[in-house]
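**Student:** Shown below is the structure under consideration.
Read-outs: derived from the displayed coordinates by stated rules, not from any lab. This one's a predicted model, so the numbers in the text were calculated from it and none came from an experiment. Neighbour counts are summed over all protein chains in view; Cβ atoms, including those assigned to glycine, are modelled from backbone coordinates with ideal geometry.
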Amino acid sequence: MEDHEYEQDESNPPLLATYKHLLDGEHRRLPLGVVAGDEEDDQCDLPVIDLAPLLLDLESDQQTRNNGGSSSAACRAAMVRAASEWGFFQVTNHGVPQPLLDELHGQQLRAFRRPFHRKLAPGDGDDEDQLLLSPEAYRWGNPTATCLHQLSWSEAYHVPITTPSPETKTTTATRRVIHEVSAAMSKLARRILSVLAAEHGPPPETETTTCFLRLNRYPQAPGSGGGHGHGVLGLCGHTDSDFLTILRQDDHVGGLQLLLDDKDGGRRWRTVRPNPGALTVNVGDLLQAWTNDVYASVEHRVVARPDRERFSVAFFLCPSYDTLIRPPLPGKTTTSQVYRNFTFGEYRSQVREDVRLTGRKVGLPRFRRHVSPSPASLTHQLS
């Protein structure tokens, strides 16, 4: 996409003007080897898990559960293995209706197609369906970016999860579909969390009011050529500050990358190949700490493309701010307590402070009990 084409689209946020100093001249490209392209060797397929046996087990009577027990156990074991070895996996037959996801995508398109100045202004008049997507929920770019590695060529709506009041007389299309998708993804995330936490004691409690849905758009990035072009980051590398994330990726446009261990002992970015109809699940920082590094909260990012825009939806499963994240005491599965006890509120505050001071999130290393243990690493070796 050429620069003038980007600027002529009035729905786009002023990313080009804001980050022009980072994109010009010798800084135009990220170093070779940092940004993976469309080459086959740089792509990977995540473990795919059919949740039908698990959902049948959870929703059926005792006799049905007994008959399908082995399939359900295999499903649970597959999730535990994927969360331990990859930190990411995809699920099918997940219980979130496809027509509902398609309807949300339509509302998402409508919201992001509005002129940029209207995204910053309170809804009025013909914007009734957009009242939920307020200026306070709208984000774009990365205000603390000082280099290409910190650039986020994207815009998003961060929508807090709320329960509609019985007194509400009218429910807009946007409000209804966001509530229904959030409820379905929340139910799915809690079920998966209960499975992953089963071997580590009672599952941690979550709190609806701290969970949120994020609607993402990654505009076409400036540059010429196809594929990932100059390697402009749509979302800079990070881990998620939650228990679990449920992600609906774009069915056809890739861009999600994971930082994975290489068979040669190094680490490199690998692009996740889209899997239409599947939802992507990833472990968050809180679950890694809760399980004493048994599960891995893997660094990931999104690369924006010059040939097309990309959309996604993410649901973040979180606890209340005063919930104590208490890793298990040393026992049969661990020899030491890797992290000190901390609250979710304390964790969020530390992340914000690090981003403010350094431009990047530090995350779990801030809360390690000892300096010597290394962060959780993936045991899966890339082929």
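**Student:** Find out how many positive minus negative residues lie around G237, taking Lys and Arg as positive, Asp and Glu as negative, among other residues whose Cβ is under 10 Å from that of G237.
**Tutor:** Cβ neighbours under 10 Å give a net charge of +2.
**Student:** Report the extension gain between K20 and T146 in nm, rounded to one decimal, defined as 0.36 nm multiplied by the number of residues separating them, less their alpha carbon distance.
**Tutor:** Contour length minus the Cα-Cα distance gives 44.2 nm.
**Student:** Follow-up. Please give the contour-minus-distance gain from R368 to Q43: 0.36 nm per residue of separation, less the Cα-Cα distance, rounded to one decimal in nm.
**Tutor:** Between R368 and Q43, full extension yields an extra 113.8 nm.
**Student:** Hey, another quick one. Extending each Cα 7 Å along its Cβ direction at V80 and R273, get the distance between those two points in nm, one decimal.
**Tutor:** Roughly 2.9 nm, to one decimal.
**Student:** What residues of the range 181-203 lie in the reach of a label at R326, counting those whose backbone N is under 13 Å from a point 7 Å from the Cα along Cα→Cβ?
**Tutor:** Within reach of a label on R326: 201-203.
**Student:** Can you pull out the GluC sites (Glu not before Pro) in the range 183-278 that DSSP calls coil and that have at most 16 other Cβ atoms within 10 Å?
**Tutor:** When the GluC sites (Glu not before Pro) of the range 183-278 are filtered for loop state and at most 16 Cβ neighbours within 10 Å, E205, E207 remain.
**Student:** Using r as the Cβ-Cβ distance of D264 and S194, and R0 as 30 Å, what FRET efficiency do you calculate, to the nearest 0.05?
**Tutor:** 0.20
**Student:** Here's another thing I want to ask about it. Modelling each spin label as a point 7 Å along the Cα-to-Cβ direction, I'd like the V253/A121 distance in nm, to one decimal.
**Tutor:** For V253 paired with A121, the spin-label model returns 2.7 nm.
**Student:** Kindly provide the trypsin sites (Lys or Arg not before Pro) of the range 199-301 that DSSP labels as loop, not H, G, I, E or B, and whose Cβ sees at most 10 other Cβ atoms within 10 Å.
**Tutor:** K263
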